[in-house]
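What follows is a short report on a single structure.
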Amino acid sequence: MTRREARARIATRRTTGDEPWGEFDPRSQRVAVNGPNTAARPGDRDLIELAAIETLANRGREFVLDSDAMPTDSPLAAIFRY
């Protein structure tokens, strides 16, 4: 399965809205995340926003939850279509 196919499988994604910043290389599909509590640097992207755009572009649904309502300690959770 390609990474594009994996992204298309996300039906619902939940996030706390916390903003990890970092870099994404679309050619290699590699993500570099800045350390916790690190401000954005030139060229960085809001990686949560990028994931939300990909989810919505593939007809998924996006929800922002309080961190205590998340099913995991991670700032992201996803439900796959199949």
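No value in this document is a laboratory result; all are computed from the given coordinates. All figures in this text were calculated on a predicted structure; none of them were measured in a lab. Every residue, glycine as well, gets a Cβ built from its backbone with ideal geometry; the counts of neighbours run over all protein chains shown.
Give me the percent of Cα-Cα pairs in the range 25-82 that sit more than 16 Å apart, rounded to a whole number. Each step should come with its number before you reach the end.
Details: 952 of 1653 pairs.
The calculated P(r) of the range 25-82 puts 58 percent of pairs beyond 16 Å.
Residues with amide H under 5 Å of Asp44's amide H, sequence separation 5 or more or different chain, H placed in the peptide plane at 1.01 Å from N; which?
none
According to a simple spin-label model (label point 7 Å from Cα along Cα-to-Cβ), what is the distance in nm between Thr38 and Leu56?
2.7
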